[in-house]
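The values are calculated or read from the model by the stated rules, or taken from the named source; none is laboratory data. Fair warning: this is a prediction, and the values are worked out from it, not measured in the lab. So basically every Cβ, Gly included, is an ideal-geometry build from the backbone, and we count neighbours across all protein chains shown. SASA here: full protein model, heavy atoms, side chains in, ligands and nucleic acids out. Shrake-Rupley method; radii C 1.70, N 1.55, O 1.52, S 1.80 Å.
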Amino acid sequence: MSEAPILSLEDLSVRLPEGADRSHALKDVSLSVASNEILCVVGESGSGKSMMANAIMRLLPQGVEIDGGRALFEDRDLCAASPAEMREVRGAGIAMIFQEPMTALNPLRTVGDQIAEMFRVHTGLSRAEIDKRVLALLDDVRIPDPRLAAKAYPHELSGGQRQRAMIAMALALDPRLLIADEPTTALDVTTQAQILKLIRDLQQRKKTAVLFITHDFGVVAEIADRVVVMQHGRVVEHGLANEVLNHPTHAYTRQLIAAVPPLKAPSPRPLSPENILAIAGVSKTYRSGGFLGRGARITAAVRNASLTLPKGGTLGIVGESGSGKSTLARCIVRLIDPDAGAILLDGKDWAKMGRDEVRRETRHIQMVFQDPFASLNPRRKAAELVAQGPIVHGTPRATAIAEAKRLFELVGLDPSAGDRFPHEFSGGQRQRIGLARALALKPDVLVADEPVSALDVSVQAQVLKLLGELRERLGLSIVFITHDLRVAAQVCDLVAVMKEGEIVEHGPVAEVFGRPQHPYTKALIASVPGGEFTAQHEAAVS
Amino acid sequence: MDAVKRYFRSPAAVIGLVLLLAVIAMALAAGFLYPRDPLALAGRPLVWPFTNPRFPLGTDNSGRDIAAQVFYGARISLLIGGVATAIAITIGTLLGAFAGYYGGWVDNILMRITEAFQTLPNFVLLLVLVAVFGSTLTTVTIAIGVVSWPAPARLTRAEFLSLRNREFVQAGRTLGMKDLQLILGEILPNALPPVIVYAGVVMAVAILLESALAFLRLSDPNVASWGNLIGLGRDVLRVQWYVSAIPGIAILVTVLAVSLVGQGLNDALNPRLKQR
């Protein structure tokens, strides 16, 4: 680590336009990255970590300006560089990879063509030479069959392959510094593990300096040499990865690390022998396209799923994207009509009910949605949103609104906040409104579809705690859909692992996570980032 | 309130609003300034403007006061523009909402109907409707409304298609809401802003359509409309061009005002589009 830094920021400040929630996105940020090391910048949303990446690349949005400090890249101050100089640096000197490879790639051009563009813009190589380099790069990032991948359009590749293509593009000109802005956040855990390993390998082979931006301490534990922790645009702690993870000094770092849920399940709760919800043989198949049955695409989203939920228990359904877990959840609340199977709720078969009957019975089973921004109607006030359910089911409006205020208190919101619109709340608060809305109908079963995935870790911990309390207090039975095994381990009594529409394994959470039987479950658990660190962390906690 | 502030920040939008208010003021003041029937004979025919203080804007070929007709014409134009727009937007949003919400065969049928209307040039369709049902003020207004709904319908449908699968709509469904409650109470308020903005365009076109009809002498001849006056002026266009030009300017100003207000609303309601 004694090598000279490739990039060093000296008291860099970035000013936000007037009317923003604070005056500076970054305030006096100093850090350095040397060649052949990975520096992780960790922080929650709004900490300014992405703004820092944009400031280094001088790609700040309009109205946002650097107003102090220097960014030295190989002894050149990027803050003072002309636009022409910056174009030289971008791509060739500093490369960047983004969170969402689908939107970072041009959908109308082939992957190979886009990588080749790097050479066409920055070098004078011949066509044949460029083609050879592109294939070598794709081979470097271990895309299966590089020749085919080069000719593919972005939508023809999987998320992980697209991110590999992005990395190939970023590394095309052997940049001295690679900035990775949450490169694995949009990916599944197993893919994430592969991409992290790839970045690690390439970095060691090419001796690149890497500035890795993430919100996930698991990822930090997996990949970082050194760590910088940011809060509200300031660096609050920095040091070697081991030091910061195991002996955090700043209170905020400690709070962040404590908020990472351990993968080990807490001691099991006693479960009622009585089942409130039992699903048997539920299947859902999607058909699209085709004419008179020819050329139709058939996707079996859920195949023959059978599960039971004991009264007062929590059943976790875990799986990666496309595993059918959300489809199954939507079948349970009948947002989607299952093709076959039975869904017995308190002895009544939901799957066979007609539309009107579902509408009447829906108060027994309610749903909490993933996206706290999309799941609340932006044109209704918070109290109204919560009161809507009871009003639909015949409660007089005034009573329902009064009841809504009481529910606000129950979910930890200020009852007077009912007159505000959803956009005036933070993500965590909105999720509480969503929870209050679902609870307003006093359901027996709550189906929660990734209720904490869109939230920062510290907020996530609060919402999970609230969910735990409500479960005890109201005797709720919960079906909890998540892709995050740590979260599942914390809140669930029972867990079912789904893969490609099938339930491959289910049982008590301690058993499934402690002694996984199915190879896929084993792979999932092995892919959870920072596994070793978590194990130490758990030992320290207990 | 933010939207109001943003609206007044744009000079073009403010000018549009002032012009529109001026036209509305003309319509309101018509009965007060010219208590006599504007279509009654008032003096010698074809008096040039600014030559006789009794007729500041002159008289037309049958000796009727042009100023009075312009003031009363503002009433007719605003009435036709407003009512026809209301009809077009109502039909359009309802059909678009159902097509977008239900999708499948409902969408197919409603959209094929919409396309059938769209493929006919709407002025030709308007001529047919007026020829069949006669040209009173009521039939003309309804006919203009009926030929103008396809575009708002497509716009509403597109909004519904993107909104109907949002989580807040699904949440409404899990709360047990009926389809109509979801369409009118949850989705429509979110789908309306672009439709309201488009209403400005529909209104401008409606005013022009009525003028075009009147120019062909197919509009209601018993009301003082700008289009009727232009149509009359056609016979003396080469010498007494002012008979057509004065109501022409009135139409230009009104259509411009409505368009500027529509554009201003667009920028105020979609602030992100404006920053570019």
From A:V219, A:V227, A:V236, residue being of a type in the set (A, V, I, L, M) and over 30 Å from A:R162 (Cα atoms): A:V236
Given (1) modelled with pLDDT of 90 or more; (2) under 24 Å from A:L108 (Cα atoms); (3) touching an Asp or Glu at 6+ places or on another chain (Cβ under 7 Å); (4) not charged (D, E, K, R), number of the condition A:A136 does not satisfy: (3)
Near pairs, Cβ below 7 angstrom, 6+ apart or cross-chain, from the stretch B:84-105 (open to solvent by less than 40 Å² (accessible area, probe 1.4 Å)) to any residue that is among the hydroxyl-bearing types (S, T, Y): B:A84/B:T141; B:A84/B:S148; B:A88/B:S148; B:G92/B:T156; B:T93/B:T156; B:G96/B:T156; B:A97/B:T156; B:G100/B:T156
Of residues in the stretch A:110-131 being surrounded by 17 or more Cβ atoms within 10 Å (Cβ to Cβ) and hydrophobic (A, V, I, L, M, F, W, C), the one farthest from the chain's Cα centre (by Cα): A:I130
B:A204, sole failed condition from (1) touching a residue at least 40 places away in the same chain (Cβ under 8 Å); (2) within 14 Å of chain A (Cβ to nearest Cβ); (3) surrounded by 21 or more Cβ atoms within 10 Å (Cβ to Cβ): (2)
2 or more residues more than 14 Å from chain A (Cβ to nearest Cβ): qualifying helices (runs of 4 or more DSSP H) within the stretch B:74-184: B:104-119, B:122-133, B:137-148, B:150-163
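Matching residues to (1) open to solvent by 50 Å² or more (accessible area, probe 1.4 Å); (2) of a type outside the set (S, T, Y); (3) in contact (Cβ under 8 Å) with a residue 12 or more places away in the chain; (4) within 14 Å of another protein chain (Cβ to nearest Cβ):
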{"position": "A:P396", "(1), (2), (3), (4)": "yes, yes, no, no"}
{"position": "A:A400", "(1), (2), (3), (4)": "no, yes, yes, yes"}
{"position": "A:L410", "(1), (2), (3), (4)": "no, yes, yes, no"}
{"position": "A:L441", "(1), (2), (3), (4)": "no, yes, yes, yes"}
{"position": "A:S458", "(1), (2), (3), (4)": "no, no, yes, no"}
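Results for (1) crowded, with 17+ Cβ neighbours inside 10 Å; (2) touching an Asp or Glu at 6+ places or on another chain (Cβ under 9 Å); (3) within 7 Å of chain B (Cβ to nearest Cβ), shown as yes or no for each residue.
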{"site": "A:A329", "(1), (2), (3)": "yes, yes, no"}
{"site": "A:D346", "(1), (2), (3)": "no, yes, no"}
{"site": "A:K352", "(1), (2), (3)": "no, no, no"}
{"site": "A:S375", "(1), (2), (3)": "yes, yes, yes"}
Yes/no for B:I187 being assigned to a helix (DSSP H, G or I), buried (at least 19 other Cβ atoms within 10 Å of the Cβ) and within 14 Å of chain A (Cβ to nearest Cβ): yes
Subset of the stretch A:354-373 [among the charged types (D, E, K, R), facing another protein chain (nearest Cβ under 8 Å) and within 21 Å of B:L180 (Cα to Cα)]: A:R359, A:R360, A:R363
Scope the stretch A:463-472; condition without any contact (Cβ under 8 Å) to a residue 40 or more places away in the chain and not acidic (D, E); matching residues: A:V463, A:K465, A:L467, A:G468
When residues of the stretch A:472-495 are limited to those that are more than 17 Å from A:V509 (Cα to Cα) and not aliphatic (A, V, I, L, M), the one most open to solvent (accessible area, probe 1.4 Å): A:R473
Residue in the stretch A:423-437 that is open to solvent by less than 50 Å² (accessible area, probe 1.4 Å), within 9 Å of chain B (Cβ to nearest Cβ) and either touching a Ser or Thr at 6+ places or on another chain (Cβ under 9 Å) or closer than 20 Å to A:V333 by Cα (or both) present: yes
Qualifying residue in the stretch A:149-165 (condition: among the hydroxyl-bearing types (S, T, Y), outside any strand (DSSP E or B) and buried (at least 16 other Cβ atoms within 10 Å of the Cβ)): no
Tally of residues being open to solvent by 50 Å² or more (accessible area, probe 1.4 Å) and either at the interface with another protein chain (Cβ under 10 Å from one of its Cβ atoms) or aromatic (F, W, Y) (or both) across the stretch A:381-393: 2
